[in-house]
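Taking it in order: structure first as structure tokens, then the write-up.
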Amino acid sequence: MSVDLNAVRRIAHLARIGVSEEETPHLQGEINAILKFIEALEAVDVEGVEPMTSVIPMKLPMREDVVTDGGIVDKVLANAPLTEDGFFLVPKVIE
Amino acid sequence: MTDLTSLTLAEARDRLRSRAISSAEITRAHLEAMEKGSALNAYVATTPEKAMQMAAASDARIARDEAGPLEGLPIGVKDLYATEGVHTQACSHILDGFKPPYESTVTANLWRDGAVMLGKLNMDEFAMGSSNETSYYGPVASPWLPPNWNADKARAALGDPKKKGLLTPGGSSGGSAAAVAARLCLAATASDTGGSIRQPAAFTGIVGVKPTYGRCSRWGMVAFASSLDQAGPLARTVRDAAILLRSMAGPDAKDSTCSPAPVADYEAAVGRSIKGLTIGIPREYRLDGMNPAIEGLWAKGGDWLRAAGAKVVDVSLPHTRHALPAYYIVAPAEASSNLARYDGVRYGLREASSDIVGLYEKTRAKGFGAEVRRRLMIGAYVLSAGYYDAYYLRAQKIRTLIKRDFEDAFAEGVDAILTPATPSAAFGIGEKASVDPVEMYLNDVFTVTVNMAGLPGLVAPAGLSEDGLPLGLQLIGRAFDEETLFTLGEIIEQSAGRMALPGTWWA
Amino acid sequence: MAETANAKLIKGATGDWEVVIGLEVHAQVVSRAKLFSGASTEFGGEPNTHVSLVDAAMPGMLPVINRECVAQAIRTGLGLKAEINPRSTFDRKNYFYPDLPQGYQISQYKSPIVGEGEIQVDLSPDHSIRVGVERLHLEQDAGKSLHDQSPTMSLVDLNRSGVALMEIVSRPDMRSSEEAKAYVSKLRTILRYIGSCDGDMEKGNLRADVNVSVRRPGEPLGTRCEIKNVNSIRFIGQAIEAEARRQIAIIEDGGAIEQETRLFDPGQGQTRSMRSKEEAHDYRYFPDPDLLPLELDPAWVQRLASELPELPDAKKARFMADYGLSPYDASSLVAERETADFFESAVKHGGAKRDAKAVANWLMGDLAAQANALGVSAADAGLPAASLATLVDLIGEGVISGKIAKDVLALLFGEERGADPRAVVEKRGLKQVTDLGEIERAVDDVIAANADKAEQAKAKPGMLGWFVGQVMKATGGKANPQAVSDLLKRRLGL
């Protein structure tokens, strides 16, 4: 399995990481090196094997339906780069 | 007066309890050592004022006979843990300036038990790396001198921010391991996803433990790979690691994957007999062209355990060689999702842009280093439409097989498994900056199996390479049987003799 | 059956077309706290005040599931006669958007908590269809972005982020906008009965994504388009009509339908394509590693089943059987659980056996009218069920006539609010006159005073009504109208 330059661009966009045209071939090389490494797994017989769904046997714990949180707008906004009147600000999103 | 920073955690604890020393004294001693050793770049943020305040509070509690299990003991914290109001960036540029308004459960446990915080320790960015070379803050120099180097040469190299030629302490908990080995803290709280505690422990001649998955809470730990991440201690002795882990571990209702099982008294397990225990030696860990010193040490480890009364048998863990490639599917996949929240909107770095996609792409391009970027892209790829079954699903099935291998061995009566910790001793900083990222990944070949199976692993220093650099041995235990690992680890430590850590050359 | 099916077909320029509709309804779960965090689900509030660190996706935060949200999903599944899956898993749906702070939504993709079920949809009181439900799953709601507050920036409020939603996916069984509207209406009723969702579409607590395709009858399914976030039943109907027309026009023009996501613009009465010219989202679903599979205790599911209230279909059947109500009346009463309960309280009040049909008529007629004027439902209008019962009793006992009862009811909503109807009748001397002697005198007086009209009445029997009115006026409205009418007929020789 290997990726071409278009795939690299597409994956970079999926991951929302800006990659310049100059960087793309180098990144392609890196990714293909890793893909080659994991290629070895294709040969493993996994017939009838269930994928791991929980690392240790444990029941999913559940919470009571009580409001125990929130009302901490100052904490929530404390590290935000850009806010106004309690809102986070982002460049305008066109629907 | 003994150099207080040379005490073990246990010795310091005992002296504090007997009032032979005060927390203020030992904390100050560490702060001075940290300053002298700052060029090692082990710390990315120091908290001297806070440390002295905490020390004073601890001394007051000791005076009132209210000492907790870690009362007054100065500890370093890996930059991965959210420490309230204090630098928490997982050594990434993208978390620039982030000071969390909350404390991680594991560190809160430390402060609950009276420990003193010295500062935040350097690490590979987002815990992705095996040499601390991907950190935004630059590499960490191991306190171990490169072979044939003298102190002058080493000090000169320290002056270079790139630390070229000096040894890496391993990663991702490089700063933590270096600080412990260089006596810049009594012990450190670190994390392990594929070997990030155990490999640095081996490289720096100290003890590292990755407990069973779910033993410690992940709440407030910057997430890398959720099904693999675990908190754990780095310390200079097995006993020290046991003491620290006991405080760190425990149930947490805020983490759905954290076990509700009570924590055992790990220190009590140190010094127990191992008569009647069976130790497995997995044949698949014997790699082609294996370093003879490591092979020899592995055999010696088996001899030590046999001499102490254990039975040593061969076992087979047939899917061992698939663990590393499978890990490099699962971990990046989970990371690609966990790191999606770093987008410049609610915290951290923000690059200006007139549109939202630009904001994301520029911020993340600027904020993430090359290794993180590689892994996030691999992660997005292996989860993407058309590839999920072939990669991620397959890797999770292989994970089941890896875990089953261990379960079969344990079912045959094996109590623990002995393996080498690393394929080599520490290498030089910049040595593995090759084009092929996979070369760095091979460092974790002996350790990732343990994370993939969710089992506990302990690394103890066991000897030296031909070049005089530390080598460790790894013990892998049954789920939630950290006690047996501490018992066995102590035997290794006693048999090998306490590792003589390097004297201070950096100041 | 074929006739009914044909009636749903849309006439195009080149022949008949069948519309195929499937609905994905998002229902906000009634709970105090969010699905995976302890912050409040309360509506409104200053921005980012109902937000926990988990909802804000701070580094190191982890989800813990709210038991009540799970219970609500189970109850709803039971109400939809669906399979409750004993084991389900949570998956991450990964995409970037400012109102999705984690960069992923926790949802259920491969293994939802509820499987196949069905809803009986009443198109008319005696004609219903079965619409299949494919699945129901739990997922997080996203926050809200405001795009119109500033020319260059959007404002993000995460209050809603993490609130529990149930996504209920129907099979594409509907064939007309009427069927689709009726389906949503019935689903809404069921959810309100169970109490798992308040169905308030104006607040956005219930919204639908409508999938529409068209085809020639008998042909395979056409390409569908999804109309997102339609938030009223009326708009659902309009959107379907508009979209079907759009698709038919394209195909008849020789074009092909592009599969895409669209929005309904009520102002224009049209659907339009959403901006996303970019590639279809690759959500990269994978099981959320911060959560474990949800395994349901069968005893718990059993208990939830036993605690379910009587649902609308069963209630309607019982009302028809026990109270002899018509399908129409029974349907009307069970549309809202409060109304049905109110009705039944009134019928059963005091343990007496009273005329259920009369209660129903008064409830759905005059009482409903009074309530509408106040902008509330009959059950919430402030008239106790006991008072409705008493009113019906008074008529049944012959104490007042139906006409007078209307007046009494008006008084109970006016000056006599809160009073006992019997007391009102007493106090205001509203007892109807039943004494035949008195009625005779009144009738005779009126006939005597209008002898010429009395003569004309023989040829024009319709004038009876006028005479009845006169006698009623003369008796202050209190004479029994039936008795008056009978007597007048005899006296006038009709």
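What number of residues within the stretch C:139-153 are within 12 Å of chain A (Cβ to nearest Cβ) and either closer than 25 Å to C:GLU167 by Cβ or charged (D, E, K, R) (or both)?
As a first pass, look at the stretch C:139-153 and keep what is within 12 Å of chain A (Cβ to nearest Cβ): C:143-153.
Among the residues that remain, those that are also either closer than 25 Å to C:GLU167 by Cβ or charged (D, E, K, R) (or both) are: C:143-148.
The qualifying residues number 6.
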| query | Which residue out of C:LEU158, C:LEU136 is more than 27 Å from C:GLN238 (Cα to Cα) and either crowded, with 22+ Cβ neighbours inside 10 Å or hydroxyl-bearing (Ser, Thr, Tyr) (or both)? | reply | C:LEU158
| task | Among the numbered conditions (1) at the interface with another protein chain (Cβ under 7 Å from one of its Cβ atoms); (2) in contact with a Pro (Cβ under 9 Å, 6 or more places away or on another chain); (3) in a loop (DSSP other than H, G, I, E, B), tell me where B:ALA385 comes up short. | result | (2)
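Taking the condition out of contact with any Gly (no Cβ under 6 Å at 6 or more places or on another chain), over 30 Å from B:ALA333 (Cα atoms), surrounded by 14 or more Cβ atoms within 10 Å (Cβ to Cβ) and free of Cβ contacts under 8 Å to residues at least 40 places away in the same chain, does C:ARG216 pass? If you could, list the steps in order and put the result at the bottom.
Values: out of contact with any Gly (no Cβ under 6 Å at 6 or more places or on another chain): yes; over 30 Å from B:ALA333 (Cα atoms): yes; surrounded by 14 or more Cβ atoms within 10 Å (Cβ to Cβ): yes; free of Cβ contacts under 8 Å to residues at least 40 places away in the same chain: no.
Here the answer is no, as C:ARG216 does not meet what is asked.
Tell me, which strands (runs of 3 or more DSSP E) lie completely within the stretch C:158-256 with 1 or more residues that are touching a Pro at 6+ places or on another chain (Cβ under 9 Å), among the aromatic types (Phe, Trp, Tyr) and not assigned by TED's automatic domain parsing to the domain that holds C:ALA142?
Ranges flagged: none.
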| Count of the stretch C:12-52 residues which are within 7 Å of chain A (Cβ to nearest Cβ) and either surrounded by fewer than 24 Cβ atoms within 10 Å (Cβ to Cβ) or modelled with pLDDT under 95 (or both) | 7
| message | What's the total number of residues in the stretch A:30-46 that are more than 7 Å from chain B (Cβ to nearest Cβ) and without any contact (Cβ under 8 Å) to a residue 12 or more places away in the chain? | response | 3
| message | Looking only at residues that are of a type in the set (D, E, K, R) and closer than 22 Å to B:THR88 by Cα in the stretch B:208-229, which one is farthest from the chain's Cα centre (by Cα)? | response | B:ARG218
| task | Given the conditions (1) at pLDDT 95 or above; (2) within 14 Å of chain B (Cβ to nearest Cβ), report the number of the one that C:GLU279 does not fulfil. | result | (1)
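Please work out if C:PRO289 is in the same structural domain as C:LYS81 (by TED's automatic domain parsing), free of Cβ contacts under 8 Å to residues at least 12 places away in the same chain and within 30 Å of B:PRO332 (Cα to Cα). Write out each step before concluding.
On the way: in the same structural domain as C:LYS81 (by TED's automatic domain parsing): yes; free of Cβ contacts under 8 Å to residues at least 12 places away in the same chain: yes; within 30 Å of B:PRO332 (Cα to Cα): yes.
Answer is yes for this residue.
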| request: Inspect the stretch B:180-189 for any residue being farther than 23 Å from B:THR88 by Cβ, of a type in the set (S, T, N, Q) and in contact (Cβ under 8 Å) with a residue 60 or more places away in the chain and give the result as yes or no. | output: no
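Can you find, within the stretch A:8-45, the residue that is farthest from the chain's Cα centre (by Cα) among those that are in a loop (DSSP other than H, G, I, E, B) and crowded, with 17+ Cβ neighbours inside 10 Å?
Of the stretch A:8-45, the ones in a loop (DSSP other than H, G, I, E, B) are A:15-22, A:44-45.
Adding the requirement that they be crowded, with 17+ Cβ neighbours inside 10 Å leaves A:15-19, A:44.
Working: A:ALA15: 7, A:ARG16: 10, A:ILE17: 11, A:GLY18: 15, A:VAL19: 16, A:VAL44: 27 Å.
Within the stretch A:8-45, the match that is farthest from the chain's Cα centre (by Cα) is A:VAL44.
Step by step: first the residues of the stretch C:57-78, then only those that are touching a residue at least 40 places away in the same chain (Cβ under 8 Å), of a type outside the set (Gly, Ala, Ser) and assigned to a helix (DSSP H, G or I), then the one that is farthest from the other protein chains (Cβ to nearest Cβ). Which residue is that? Break it down into steps so the answer makes sense when it comes.
Taking the stretch C:57-78 first, the residues touching a residue at least 40 places away in the same chain (Cβ under 8 Å) are C:57, C:62-63, C:65-66, C:69-78.
Now narrow it down to the ones that are of a type outside the set (Gly, Ala, Ser): C:62-63, C:65-66, C:69-70, C:72, C:74-76, C:78.
Cutting the leftovers down to assigned to a helix (DSSP H, G or I) gives us C:69-70, C:72, C:74-76, C:78.
Working: C:CYS69: 7, C:VAL70: 7, C:GLN72: 9, C:ILE74: 12, C:ARG75: 13, C:THR76: 16, C:LEU78: 19 Å.
Within the stretch C:57-78, the match that is farthest from the other protein chains (Cβ to nearest Cβ) is C:LEU78.
The rows are residues; the columns are (1) part of a helix (DSSP H, G or I); (2) in contact (Cβ under 8 Å) with a residue 12 or more places away in the chain; (3) under 22 Å from the mean Cα position of the chain (by Cα); (4) crowded, with 19+ Cβ neighbours inside 10 Å.
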residue: C:PRO309; (1), (2), (3), (4): no, yes, yes, no
residue: C:TYR328; (1), (2), (3), (4): yes, yes, yes, no
residue: C:SER331; (1), (2), (3), (4): yes, yes, yes, yes
residue: C:GLU338; (1), (2), (3), (4): yes, yes, yes, no
residue: C:ALA369; (1), (2), (3), (4): yes, no, yes, no
residue: C:VAL376; (1), (2), (3), (4): no, no, yes, no
residue: C:SER387; (1), (2), (3), (4): yes, yes, no, yes
| message | Restricting to the stretch C:459-494, give me the number of residues that are touching a helix residue (DSSP H, G or I) at 6+ places or on another chain (Cβ under 7 Å) and more than 20 Å from C:ILE404 (Cβ to Cβ). | response | 7
| task | Examine the stretch B:386-394 for a residue that is surrounded by 22 or more Cβ atoms within 10 Å (Cβ to Cβ) and within 30 Å of B:GLY138 (Cβ to Cβ), and state whether such a residue exists. | result | no
| field | Checklist (1) free of Cβ contacts under 8 Å to residues at least 12 places away in the same chain; (2) crowded, with 24+ Cβ neighbours inside 10 Å applied to B:LEU455, failing item | value | (1)
| message | Exactly one of these conditions fails for B:LYS78: (1) surrounded by fewer than 21 Cβ atoms within 10 Å (Cβ to Cβ); (2) among the basic types (Lys, Arg); (3) under 21 Å from the mean Cα position of the chain (by Cα). Give me its number. | response | (1)
| List, please: which pairs have Cβ atoms under 6 Å, are six or more places apart or on different chains, and start with a residue in the stretch A:70-95 that is at positive phi and end with one that is surrounded by fewer than 16 Cβ atoms within 10 Å (Cβ to Cβ)? | A:GLY86/C:GLU46
| note | Taking the stretch B:298-338 and keeping residues assigned to a helix (DSSP H, G or I), within 11 Å of chain A (Cβ to nearest Cβ) and either over 30 Å from A:LYS36 (Cβ atoms) or of a type outside the set (A, V, I, L, M) (or both) leaves B:ARG321, B:HIS322, B:PRO325, B:TYR327, B:TYR328, B:PRO332, B:SER336, B:SER337
| Just one of B:VAL345, B:VAL372 is among the β-branched types (Val, Ile, Thr), buried (at least 21 other Cβ atoms within 10 Å of the Cβ) and outside any helix (DSSP H, G or I); which is it? | B:VAL345
| request: Pairs only if they're at least six apart or on different chains, beta carbon under 6 angstrom, first in the stretch C:128-156 and free of Cβ contacts under 8 Å to residues at least 24 places away in the same chain, second surrounded by fewer than 18 Cβ atoms within 10 Å (Cβ to Cβ); list them, first residue then second. | output: C:SER128/C:GLN120
| query | Can you tell which of C:ILE194, C:ILE233 is in contact (Cβ under 8 Å) with a residue 60 or more places away in the chain and not charged (D, E, K, R)? | reply | C:ILE194
| If you go through the stretch A:56-83, how many residues are at the interface with chain C (Cβ under 7 Å from one of its Cβ atoms), acidic (Asp, Glu) and not in a loop (DSSP other than H, G, I, E, B)? | 1
| request: Out of the residues in the stretch A:50-74 that are among the charged types (D, E, K, R) and surrounded by fewer than 17 Cβ atoms within 10 Å (Cβ to Cβ), state the one that is farthest from B:GLY454 (Cα to Cα). | output: A:ASP74
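The values are calculated or read from the model by the stated rules, or taken from the named source; none is laboratory data. Values in this document were obtained by computation on a predicted structure and should not be read as measured data. Positions of Cβ are generated from backbone atoms using ideal geometry, with glycine treated the same way; all protein chains shown enter the neighbour counts.
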